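**Student:** What follows is a single structure, and I will ask about it in a moment.
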Amino acid sequence: MSLDVQVLILTSELDFATDRICRKLLTDGIAFLRLNRETLSEVSLTLLPTQGMLLCRKDGHEWRVGEKLRSVWWRQGTFDRNVANGYTSVNEQMERSQWSAFMRSIMVADSATWVNDPSAVYRAETKAVQLNQAARIGFDVPETLMTNDRFADVEERIGPQVALKSIDTLLLRQGDDQLFGYTTLTDWRAVATKHLHLAPATIQAPLLNKLDLRVTVMGENHWCVAIRRHGEGIDGDWRLTSKSDIEIEDYTLPADVSQKCLQLVRSLGLRYGAIDLALSNGRYWFIEVNPTGEWGWLDSDERPMTSAIAGYLSCPC
């Protein structure tokens, strides 16, 4: 006999924050099914595209993802960023590509509420789209160029000092090491070399003497925290700071900025989003929004994100 699934979770084994969602759904008596992308081959899955139905079997148990499905928690990016991940065999390449496509194909279950819809995630993950939409809504956005032209008029538009960023999340592998690209404050002349034409980069006006803010939006709920080091703001990318030196405290945004955050998430077709802002010279600057951003590190009794997310998945509105 099949169990009718009410909440479908599409994620990975290392998504420990979603473990909290699963425990909450279990406590609340909500029938859910979690599929981790690393272990899909261990489960027998059948997708019926014209019926918008997914059937799952494992170890004598059966789950039916169909008409009783209320929501889907989509916890993965849509870009295949790890392009240098060491896959060597044809079989491994085929398995990776086909399972990725299978996961996206579950979008045929479109009568359920997706948090977030993969097609919206795909668009919202594009940094140029984020910046454009944020500016339209009325956020202050640092002057930005995306270019591979070392003769671009960066110094005229921004000045000699710039914030160097990747166009998209940069995740690379070199031997056994995994490399991640962070924001770097540098001189434009150090960037504008003859090698720049090989790949474009994002060049932004640097924000100095700033206070980093993380705004987590779930539906009409949102939480904001300030991120400091030893009581002070952090120049450059705060993620390079040791966790032991990071201080997080609740922060109250002005009402108009809060509304812009909610409006931005909605305008991108999202229900969940992790927004990075920076307070500099009395202005709230938009940095980016991550439609699948981490939230578990901020979850607490004062910021009940687990309950809010699980509640939304259980009874989407």
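Every number in this text was worked out from the coordinates using simple rules, so none of it is lab data. A quick note: this is a predicted structure, and the numbers were derived from the prediction, not measured. A quick note on method: Cβ atoms are made from the backbone with ideal geometry, for glycine too, and the neighbour counts reach across all protein chains shown.
**Student:** Using alpha carbon coordinates only, what is the Rg to Rh ratio of region 187-233, with Rh defined as the Kirkwood radius? Please list the in-between numbers first.
**Tutor:** Values: Rg = 17.2 Å, Rh = 14.4 Å.
On the Cα set of region 187-233, Rg over Rh gives 1.20.
**Student:** Based only on Cα atoms, what mean projected area does the convex hull of region 144-204 have, in nm²? Kindly include the intermediate steps, with their values, before the conclusion.
**Tutor:** On the way: hull surface 16.8 nm².
Convex hull of Cα atoms, orientation-averaged projection: 4.2 nm².
**Student:** Cα centroids of region 265-315 and region 34-59: how far apart, whole angstrom?
**Tutor:** If we compute the Cα centre of each part, the gap is 29 Å.
**Student:** Scan region 136-194 for GluC sites (Glu not before Pro) in coil per DSSP, keeping those whose Cβ has at most 13 other Cβ atoms within 10 Å, and list them by number.
**Tutor:** Those that pass, being in a loop and sparsely packed, are E143.
**Student:** List the equivalent ellipsoid semi-axes of region 168-317 in whole Å, largest first, each obtained as the square root of 5λ for an eigenvalue λ of the Cα gyration tensor.
**Tutor:** Values: eigenvalues 172, 73, 58 Å².
Over the Cα atoms of region 168-317, the ellipsoid semi-axes are 29, 19, 17 Å.
**Student:** Now a separate question. In degrees between 0 and 90, to the nearest 10, how far off the longest principal axis of the chain does helix 90-105 point, with axes built from Cα atoms?
**Tutor:** 80 degrees
**Student:** Out of the DSSP beta bridges found with both residues in the chain, what percent are antiparallel (nearest 5)? It would help to have the intermediate numbers written out before the result.
**Tutor:** Numbers: 54 of 69 bridges.
In the chain, DSSP labels about 80 percent of beta bridges as antiparallel.
**Student:** Next question, about the same structure. With bins 10 Å wide starting at 0, give me the P(r) of region 3-116 over every alpha carbon pair, in whole percents.
**Tutor:** Per 10 Å bin, starting at 0, the Cα pair percentages come out as 12, 45, 33, 9, 0.
**Student:** So how strong a dipole does region 1-131 carry about its Cα centre when Lys and Arg Cβ are +1 and Asp and Glu Cβ are -1, to the nearest 20 debye? Write out the running numbers ahead of the final one.
**Tutor:** On the way: 16 positive and 16 negative charges, 60 e Å.
Approximately 300 debye in magnitude.
**Student:** Okay, helix-only estimate at 222 nm for the chain: each DSSP H run of n ≥ 4 adds -39500 (n - 2.57), divide by all residues, round to 500 deg cm²/dmol; what do you get? Mind showing how you got there, number by number?
**Tutor:** Working: 8 runs with 77 residues, N = 317.
-7000 deg cm²/dmol, from helical runs alone.
**Student:** Moving on to the next point. Expressed as an acute angle from 0 to 90° and rounded to the nearest 10, what is the orientation of the C-alpha long axis of helix 305-314 relative to the principal long axis of the chain?
**Tutor:** It is inclined by approximately 40 degrees.
**Student:** With axes computed from alpha carbons, what is the tilt in degrees of helix 127-137 against the longest principal axis of the chain, rounded to the nearest 10 within 0 to 90?
**Tutor:** Tilt of helix 127-137: around 80 degrees.
**Student:** Further, regarding this structure: Where does the Debye-calculated log10 I(q)/I(0) of the chain sit at q = 0.11, 0.13, 0.15, 0.16 Å⁻¹, using only Cα point scatterers of equal weight, no solvent?
**Tutor:** For the chain, the Cα-only Debye profile gives -0.79, -1.06, -1.32, -1.43.
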